[in-house]
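See structure below.
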Amino acid sequence: MRAGAADVRAAFSGPYRFPLPYLGPWILRDLLAARDTPTNGTAAAERALFVAGLLLALRTQAAAAIADATSFADSEHLALVEWCTDQFVRVLAREIPRDDEFWDRFRELSSQEARDTAEVGVLAPDLAVPATIVALAAARIAGVNDHMTLAKLSAAMSGVASSFQIRADIASIQRDALSARMTYPIAVICRAADLPAQPVPAPHTVIGAMLVTGSLEKLLAEATSYLTTARESASDLSLLTLCAYIDDLASPAARRGTTILVSPEPAPLAKAIDMAEAFLDADPSYCESWETHREGMFGAELVVSRYPAALIIEIQRRAGRAMDDEVDDILDYLDATAFRYYDHVDSDIDTDTLGIYLRLAGRHAGEGRRTPNLVRALDCLTETVASIGQVPVWLVSCGQDVPARSITLGEGCGTVAAHLLLGLAELTDESARATLTTGARSLLARIRDVGLGANVDYPPMFAAAVFFRLLDRLAECADGEPLRLIDETRSRLMGDLESFAGSPARSAQEAALMVGACRAAGRIDLVAATHLATILKHQRFDGGWPAETFAMAPNRGQHASPYSSSTLTSALCYAALVTATERRESVEDVLVAQGRA
């Protein structure tokens, strides 16, 4: 769909739309008229200034969208910002020589804009810089080059843009607060009410604080003062068109129009969570996530592991979803396949499958879910751990003759051992406790020595979350020497976590895993706004996220291939968004307790 001239006029006309494309032509005509210079023959220059302003408006909005966590623009759209800049230079280079000092000023202002955005984390578009650039270009085309005039012109542009931005941000306070987007008015309100600025308080808290502290009147007075200063500068330069626009913006009607807009849409975070839940509920079997083999594993045409589906169920349940029916179904399946990783009789039992059964079954694993298959698997586990002094990934043979062609990738993975130990912690019998003690002592000593190097099969931050959960579980019943080992292990893992947190997340799943690890470690303060932004920006319209590599799986010819699942990635991202919501609600609870919300 193409935008016509009427659409462009509507987008930038009226006192509630910043007229960036029109500023250049206005200023050019007024500067020429003030110097009694004929304005005929300036049509080409006016068109160039209009297009230049339009390009800067697009560039400004695109840059703001990239910085906005709730938009779908990310670093991939930086090419659009660069394209707008290149086209701007091309358009004005026809009117202003390349060696003119205007271009030096253009580069200075653009660099300043980039620094301010990076240092302050501004999400709202900064209109002062592009307005000043267009105004200076108009002045140069008009032949105006004295520093006093250029300084007053810059001051006028800065004043108009600052006033407009304050009032526009006031009008969208509710929407910005819903989106957890920090703007100047919200920052002023938080400072006046002594509210924490991060995470951004909920809309009712911000609006209530604004009314109680009188911040609205102060903000409007500040916006008016900017306009007054801008009007003086514009009048000194005889910029009659700009003065008329400022008068419209300062009129009582425009002031009355500065009201808070109530957004009809739900908060982007809440909407994203709703969409993710609908995506995950679309297929209760999570068939897309199954590790399905058709390359001839075990000599069969089709071999399947539903372990990833069990993991997806656990992730959702830990995020607070009621998953009773799904849990019952997957427990029945895991028991029916005797805790083999693959649903083939030649597959070995793996401790990851046994562990997730125990975790999902909880206390029932020691009661109603203690089936004959479970008893045999636990007996085999007890015997193996007592023999080798650590938790293996695969329980080979368990008293049965298993063909040599059994698939046994991933031996030595500490995350699998931690998964199993978390499951054993649900049992109360002495043999399970003895196995837990032996396995935990071995695993914790290994993690203490090599940190996340103890992980083999899983993404590092997923492993970190599992390790921290295990440490918390073991600490509940440990004392003396075991407690010292737990503390040493936690210290080593915390160093690894802080190191990873210092690097930007490259994908939605990576960001989600970082959020999960920080939550498990009790270090939610390490979660950056960019983590949430990365997750939100990559959510698809169906509510899910694209599949990302999570593990490796055997393939034909004795090769291994990356395993990925859109459902699994979506479950991880969903859980991270829920954590972001919990963090914000915890802040609200504190404010209510203090009588400030």
Would you indicate which of [x] 50, 35, 19; [y] 61, 26, 20; [z] 42, 28, 23 is the value of semi-axes √(5λ) of the Cα gyration tensor in Å derived from the coordinates of this structure? [y]
Point-to-point label distance, ALA244-ASP487, nm (Cα→Cβ direction, 7 Å offset): 7.7
Farthest toward the dipole's positive end in the chain, which of ALA52, GLY423, SER215, given Cβ charges of +1 (Lys, Arg) and -1 (Asp, Glu) about the Cα centre? ALA52
To the nearest 20 debye, what charge dipole does the range 499-589 have about its Cα centre, counting +1 at the Cβ of each Lys and Arg and -1 at the Cβ of each Asp and Glu? 340
Identify, among PRO392, CYS518, PRO196, the residue whose Cα sits farthest towards the positive end of the charge dipole of the chain, taking +1 on the Cβ of Lys and Arg and -1 on the Cβ of Asp and Glu, with the dipole about the Cα centre. PRO196
Return the distance in nm (one decimal) between the two label points of a simple spin-label model at PHE72 and ARG107, each offset 7 Å from Cα along Cα→Cβ. 3.8
Could you report the chain's accessible area per residue, 1.4 Å probe, as an integer in Å²? 46
Net charge near SER503, counting Lys/Arg +1 and Asp/Glu -1 over other residues with Cβ under 15 Å of its Cβ? -2
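Rank TRP290, TRP545 by accessible area, highest first, at a 1.4 Å probe radius?
Per-residue accessible area, sorted high to low, gives TRP290, TRP545.
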Among MET494, ALA465, ALA475, the residue whose Cα sits farthest towards the positive end of the charge dipole of the range 458-498, when +1 is placed on the Cβ of each Lys and Arg and -1 on the Cβ of each Asp and Glu, is ALA465
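If you roll a 1.4 Å probe over the range 264-367 with all protein chains in place, what percent of the accessible area is carbon or sulfur? Show your work: numbers first, answer last.
On the way: 2090 of 4350 Å².
So the carbon and sulfur contribution to the accessible surface is 48 percent.
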Give the lysines reachable from LYS271 as a straight Cα distance under 26 Å; neighbours fewer than 8 places away on the same chain don't count. LYS537
Relative to the first principal axis of the alpha-carbon coordinates of the chain, what is the inclination of helix 307-318, with its axis defined by its Cα atoms, in degrees from 0 to 90 and to the nearest 10? 60
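So what is the calculated 222 nm ellipticity per residue for the chain, using -39500 (n - 2.57) for each DSSP H run with n of 4 or more, over all residues, to the nearest 500 deg cm²/dmol? Please report the intermediate quantities before stating the final value.
Values: 25 runs with 376 residues, N = 597.
Calculated mean residue ellipticity at 222 nm is -20500 deg cm²/dmol.
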Quick one: putting +1 on the C-beta of Lys and Arg, -1 on the C-beta of Asp and Glu, what dipole do you get for the chain around its Cα centre, in Debye to the nearest 20? 1600
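The values are calculated or read from the model by the stated rules, or taken from the named source; none is laboratory data. On a predicted model such as this, the values are computed, not experimentally measured, just so you know. Every residue, glycine among them, receives a Cβ derived from its backbone with ideal geometry; neighbour counts consider all protein chains shown. Note: accessible area is taken over every heavy atom of the protein model, side chains too, but ligands, DNA and RNA are not part of it. Shrake-Rupley method; radii C 1.70, N 1.55, O 1.52, S 1.80 Å.
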